[in-house]
Amino acid sequence: MKTVPWSGWNLNCLQMRKMPHILVVEDDPVVADDICACLAELRYQVVGPAYSIEAALALCAEHEIDLALLDIHLRKHSDGIELAKRIREQMPVPIIFLTASGDNRTLADAKEIHPEQYLLKPFNAVQLKAALEIVFFNLHNPDSDYDMKARIAKFNKGIPDPLSDREVDVVLLLLKGASNADMAEQLFISLHTVKSHIKRIFLKTGAESRTHLISLLNQL
């Protein structure tokens, strides 16, 4: 992977804070070293590489992670998709999946995680750089899905009865101004189910209305 000059874009995007820490999980040492070298050239802080789920989780416990580059198919029957789930149980980290397989099954499994990007191997430094810049641009857009999910995740930690994954989906659509009918269509559920979810969300969060719920989340 040929490295490319760093443009300085990320520093401006992150408003002069520390450069992002990027976790690299790739079971091929040659590819892993290549990715790490490229990230270092782009002036990101590299965490890793890790070659297994266990090593990756250990690094997450030791470091502040701003983004994870995860190989989907790891050796010894390890699964990068399962790793992504476990990482996101601990922190709302944006994910970029790396894989040499573009088959429908792999894509379908990856979509369940809602990754921010998906790179097919072999990819070059320009493609990696572009993917990272798109993710960090969206990350710092207050109307982005990731920012909304991060606020919801933070809010969820502060309530006794956390929202379920489906309730989080409903709240995300509420923040976007979706109507009950819109939510039913987008989530493939009935209008009655949408209303039931909203009722439980209000009970769990103490919100008295949609406007009140949005106000609570916007305070974070």
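Tabulated results
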quantity	calculated
Some residue of region 98-105 being within 26 Å of Asp147 (Cα to Cα) and buried (at least 16 other Cβ atoms within 10 Å of the Cβ)	yes
Residue in region 195-216 that is surrounded by 16 or more Cβ atoms within 10 Å (Cβ to Cβ), closer than 29 Å to Leu107 by Cα, in contact with a strand residue (DSSP E or B) (Cβ under 9 Å, 6 or more places away or on another chain) and not basic (Lys, Arg) present	no
Residues of region 58-89 classified as of a type in the set (D, E, K, R) and touching a His at 6+ places or on another chain (Cβ under 7 Å), total	2
Hey, Ala125 closer than 24 Å to Ser215 by Cα and touching a residue at least 60 places away in the same chain (Cβ under 8 Å) or not	no
Count of residues meeting criterion [aliphatic (A, V, I, L, M) and modelled with pLDDT of 90 or more] in region 122-145	6
When residues of region 106-119 are limited to those that are at pLDDT below 90 and not in a helix (DSSP H, G or I), the one surrounded by the most Cβ atoms within 10 Å (Cβ to Cβ)	Glu116
Ala153 being assigned to a helix (DSSP H, G or I) and assigned by TED's automatic domain parsing to the domain that holds Asp66	no
Residue list for region 40-76, restricted to those being part of a loop (DSSP other than H, G, I, E, B), surrounded by fewer than 15 Cβ atoms within 10 Å (Cβ to Cβ) and not basic (Lys, Arg)	His63, Glu64
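Every residue, every condition in (1) outside the structural domain of Ala153 (by TED's automatic domain parsing); (2) within 24 Å of the chain's Cα centre (by Cα); (3) over 22 Å from Ala153 (Cβ atoms), yes or no:
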| residue | (1), (2), (3) |
| --- | --- |
| Leu175 | no, yes, no |
| Ala178 | no, yes, no |
| Gln186 | no, yes, no |
| Thr193 | no, no, yes |
| Ile198 | no, no, no |
| Lys204 | no, no, no |
| Glu208 | no, no, yes |
| His212 | no, no, no |
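The values are calculated or read from the model by the stated rules, or taken from the named source; none is laboratory data. Not measured: the values here are computed from a predicted model. A quick note on method: Cβ atoms are made from the backbone with ideal geometry, for glycine too, and the neighbour counts reach across all protein chains shown.
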